[in-house]
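Structure record follows, encoded as structure tokens.
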Amino acid sequence: MAVDLSVEARERGIKYFLISYVDLFGTLRAKLAPASAIGDMAQDGAGFAGFASWLDMTPADPDVLAIPDPNSLIQLPWKPEVGWLAADPYMNGKLVGQAPRNILKRMIAKAADQGITLKTGVECEFFLLCPDGSTISDASDTQAKPCYDQSALMRRYDVISEICDAMLELDHAVERAVLMARGELVTEDALGLRRTADVASRLEDLSLEEVERVLVQKALHRHHGNVSRAAAALGLSRSALYRRLQRHGL
């Protein structure tokens, strides 16, 4: 069943969509589209001047239309009112052959023909700089070999833990979908892209387990799937909430 992005926006509290593609220099390019316009853009694409990014084009070329892939939708854990979408660049009704996403799709298909499955992962490495970019942000980081320094790690605990929490949110959504999937097909329901049907409206009609399930569902919905915020609202630790999510099949 195709994902309706307009419905997803209403049900998940998404106000804007980032319609994105990667250019030949590996830069992620995007347009921020309001949810009210996503229905048309899902069909027609978002317009880009191809020569304005690195796609080996000139001003004489027509606009590139980046058509979003609804199945790629990710609600940003750190800004849940924004949904990110990978897009396929088209020009004159044809896929832009040199666009990295289109190249990747061709390579995946060729690998599959040879019985090879492509797998990838994330190694989150970054530098924290001061606002003007002139130096590193931690003035106390003066060691010749600062890697793995516990003191430096704890000085930057807030930002590192926030990044880690956001990555866990993304990972948990995928892991949960795999666990909930039947067979090899991961459905929209497993990904949590549709609201579950309402259970009995009166709490006194429910068992303790059912009440807990309802409260967990409501907290997750209220906080747009952000596990950290839902756990705080419920007075639980993240790990305690994860255990309940697994127990209730959420």
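The values are calculated or read from the model by the stated rules, or taken from the named source; none is laboratory data. Keep in mind the model is a prediction, meaning the values are calculated, not measured. Methodologically, a virtual Cβ is constructed for each residue, glycine included, from the backbone with ideal geometry; neighbour enumeration extends over all protein chains shown.
Quick notes
- Scanning the range 92-131 for residues that are of a type outside the set (S, T, N, Q), closer than 27 Å to CYS164 by Cβ and in a loop (DSSP other than H, G, I, E, B) yields LEU118, LYS119, GLY121, VAL122, GLU123, CYS124, GLU125, PHE126, PHE127, LEU128, CYS130, PRO131.
- A single member of VAL159, VAL216, VAL227 is at pLDDT 80 or above, over 16 Å from the mean Cα position of the chain (by Cα) and within 18 Å of LEU76 (Cβ to Cβ), and it is VAL159.
- Exactly one residue out of ASP63, ASP69 is assigned by TED's automatic domain parsing to the domain that holds ILE38, touching a Leu at 6+ places or on another chain (Cβ under 8 Å) and within 29 Å of PRO34 (Cα to Cα): that is ASP69.
- PHE25 meets the conditions (1) touching a residue at least 24 places away in the same chain (Cβ under 8 Å); (2) part of a loop (DSSP other than H, G, I, E, B); (3) touching a helix residue (DSSP H, G or I) at 6+ places or on another chain (Cβ under 6 Å) in every case but one. The failed one is (3).
- THR120 within 22 Å of the chain's Cα centre (by Cα) and of a type in the set (Ser, Thr, Tyr): yes
- Residues in the range 142-152 that are surrounded by 12 or more Cβ atoms within 10 Å (Cβ to Cβ) and either part of a loop (DSSP other than H, G, I, E, B) or in contact with a helix residue (DSSP H, G or I) (Cβ under 9 Å, 6 or more places away or on another chain) (or both): PRO146, ASP149.
- Number of residues in the range 44-75 that are in contact (Cβ under 8 Å) with a residue 40 or more places away in the chain and surrounded by fewer than 19 Cβ atoms within 10 Å (Cβ to Cβ) equals 4.
- Scanning the range 24-43 for residues that are surrounded by 13 or more Cβ atoms within 10 Å (Cβ to Cβ) and either in contact with a Lys or Arg (Cβ under 6 Å, 6 or more places away or on another chain) or hydroxyl-bearing (Ser, Thr, Tyr) (or both) gives a single hit, ALA35.
- Filtered by the rule that a residue be surrounded by fewer than 10 Cβ atoms within 10 Å (Cβ to Cβ) and closer than 27 Å to ALA52 by Cα, the range 81-126 gives GLY93, LYS94, PHE126.
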